[in-house]
Structures are given as C-alpha cells and as structure tokens.
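**Student:** Please find one structure pasted underneath; my questions will follow.
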Amino acid sequence: GAGQARSETGDEQDWLSEVRVGVLAHDEAPIVANVESGFDFSADVLFASPQSLEWFGAPRPYLGVTLAEEGISHLHGGLAWDYDFAKRWFVSAALGLAVHDGDPLQEEQQTLYEQETEKALGCRVVFHLYAGVGYRLSRRWNVSAHYEHLSNGTMCPTNEGLENVGIRLGLKL
C-alpha cells in the first residue's frame, strides 16, 4: 500500500513513535517527603518498539529530560508500556534509569539548610519509573496525568527519592 511505499523510500520515520511534553509539580507526590519545590518541564521521545521486545509486551524505548525550575533536573531513558483499557483511555508505565544534577549526593554531606531544602538522592544514576492515565483526544493527540519517581532502590546509603506529578500532552508521529 501507500504506507509501505513511503516506508521503503525513507519518507516515513518508522523508528519514531511519539513525543510527550508537560509541566510537573516538582517533588509533590505521596510516597516520599516533599522537600524541594517549583515546577518542571518534561519532554520524552518514545521510539517504535523493536520486534525483539514483542515477548516483553512490546515496550517502546524512551529518552527524555525533566528540567526543574529549581531543584534536581535529570536525563532519563528506559522502556515504556501503554495499555488501552477503554475506547479512548490508556494507562502508561515505564522503567528505566536517570542521571541527575543533585548535589551533594549523601545527606551527611549536606548543610542543615540543604537538608531542609534539597534532596540527597545517594547515587548519581538512579532508577526512573513513571505511571500515567491518559485520554486520546484524536488519532494523534493525547493528554495524560503523569507521575514520575526517582530512587536508587537502597543501593546507596542515602535514598530520599524524588517524585513529580503533572500533566503531559502527547503527539503520535
């Protein structure tokens, strides 16, 4: 068909799947103590799921960034799953890694003021998890409530964790 012909000529970018951008409340969620404040800008690029991952629920690899107005920013990547559970509704989940700019890493290295205002994530590289519930506005556009969590999973002495929540807009490519 026409789609196949475009793909063979390279006019179609089959490897790119979706872009999601959003605004998140920084360090505002229910699991870990809220220390930092402000807002974050979040952007992720999701790639087409490789055939080799079909057996694993066909996750899409993702790369992204969360830039904090104040507080810890991070680059992240991993595997993301979407599951449609109603006509236009879906849930998302992801598991990956993040590298962040928070310093110092250990709580005992922080001043008393830093302990009150900044997270000590323990390790430079931490786990990145996210979950969301979304609604498909059209074939290409969606909006979702988004939750992300950073933690070293107790692999380092300090593990304060960081959580951000907000809203994201997605565009299927």
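**Student:** Is there any pair with a first residue in the range 43-63 that is under 26 Å from ALA145 (Cα atoms) and a second that is open to solvent by 80 Å² or more (accessible area, probe 1.4 Å) and in a strand (DSSP E or B) whose Cβ atoms are under 9 Å apart and which are 6 or more apart or on different chains, and what are they?
**Tutor:** ALA43/LEU67; ASP44/LEU63; VAL45/LEU63; LEU46/LEU63; PHE47/LEU63; GLY57/TYR83; PRO59/LEU95; LEU63/LEU75
**Student:** Applying the selection to the range 110-122, what residues are in contact (Cβ under 8 Å) with a residue 60 or more places away in the chain and surrounded by 18 or more Cβ atoms within 10 Å (Cβ to Cβ)?
**Tutor:** Within the range 110-122, GLU118, LYS119 qualify.
Matching residues to (1) surrounded by 14 or more Cβ atoms within 10 Å (Cβ to Cβ); (2) closer than 20 Å to LEU173 by Cβ; (3) at pLDDT below 95:
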position: LEU24; (1), (2), (3): yes, no, no
position: VAL32; (1), (2), (3): yes, no, yes
position: PHE47; (1), (2), (3): yes, yes, no
position: TYR62; (1), (2), (3): yes, yes, no
position: THR66; (1), (2), (3): yes, no, no
position: HIS74; (1), (2), (3): yes, no, no
position: SER92; (1), (2), (3): yes, yes, no
position: GLU108; (1), (2), (3): no, no, yes
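**Student:** Separate question: Working only within the range 49-60, note down all residues that are part of a helix (DSSP H, G or I) and open to solvent by less than 40 Å² (accessible area, probe 1.4 Å).
**Tutor:** Once the filter is applied, which keeps residues that are part of a helix (DSSP H, G or I) and open to solvent by less than 40 Å² (accessible area, probe 1.4 Å), the range 49-60 yields only LEU53.
**Student:** Quick one: in the range 21-48, of everything that is part of a strand (DSSP E or B) and not aliphatic (A, V, I, L, M), which residue is farthest from GLY161 (Cα to Cα)? Give the steps one after another, and end with the answer.
**Tutor:** From the range 21-48, those part of a strand (DSSP E or B) are 21-26, 39-47; that's our starting set.
Within this subset, residues satisfying the condition of being not aliphatic (A, V, I, L, M) are 22, 26, 39-42, 44, 47.
On the way: GLY22: 21, HIS26: 12, PHE39: 17, ASP40: 16, PHE41: 19, SER42: 18, ASP44: 21, PHE47: 27 Å.
Ranking the candidates gives PHE47 first.
**Student:** Of everything in the range 123-145, what is open to solvent by less than 40 Å² (accessible area, probe 1.4 Å) and either in contact with a helix residue (DSSP H, G or I) (Cβ under 7 Å, 6 or more places away or on another chain) or not hydrophobic (A, V, I, L, M, F, W, C) (or both)? Give them in sequence order.
**Tutor:** The answer is HIS128, TYR130, GLY132, GLY134, ASN142, SER144.
**Student:** Answer yes or no as to whether ALA43 is among the aliphatic types (A, V, I, L, M), out of contact with any Phe, Trp or Tyr (no Cβ under 8 Å at 6 or more places or on another chain), under 18 Å from SER92 (Cβ atoms) and surrounded by 14 or more Cβ atoms within 10 Å (Cβ to Cβ).
**Tutor:** It is true that ALA43 is among the aliphatic types (A, V, I, L, M), out of contact with any Phe, Trp or Tyr (no Cβ under 8 Å at 6 or more places or on another chain), under 18 Å from SER92 (Cβ atoms) and surrounded by 14 or more Cβ atoms within 10 Å (Cβ to Cβ).
**Student:** Taking the condition more than 18 Å from ASP27 (Cα to Cα) and either assigned to a strand (DSSP E or B) or modelled with pLDDT of 95 or more (or both), does ALA80 pass?
**Tutor:** Against the criterion (more than 18 Å from ASP27 (Cα to Cα) and either assigned to a strand (DSSP E or B) or modelled with pLDDT of 95 or more (or both)), ALA80 qualifies.
**Student:** Same structure again: Please enumerate the residues belonging to the range 108-147 that are touching an Asp or Glu at 6+ places or on another chain (Cβ under 7 Å) and among the charged types (D, E, K, R).
**Tutor:** Residues satisfying the conditions are GLU118, LYS119.
The values are calculated or read from the model by the stated rules, or taken from the named source; none is laboratory data. A quick note: this is a predicted structure, and the numbers were derived from the prediction, not measured. Cβ: placed from backbone, ideal geometry, glycine included. Neighbour counts: every protein chain shown. Please note that ligands, DNA and RNA were not included when accessible areas were found on the heavy atoms of the full protein model with its side chains. Shrake-Rupley method; radii C 1.70, N 1.55, O 1.52, S 1.80 Å.
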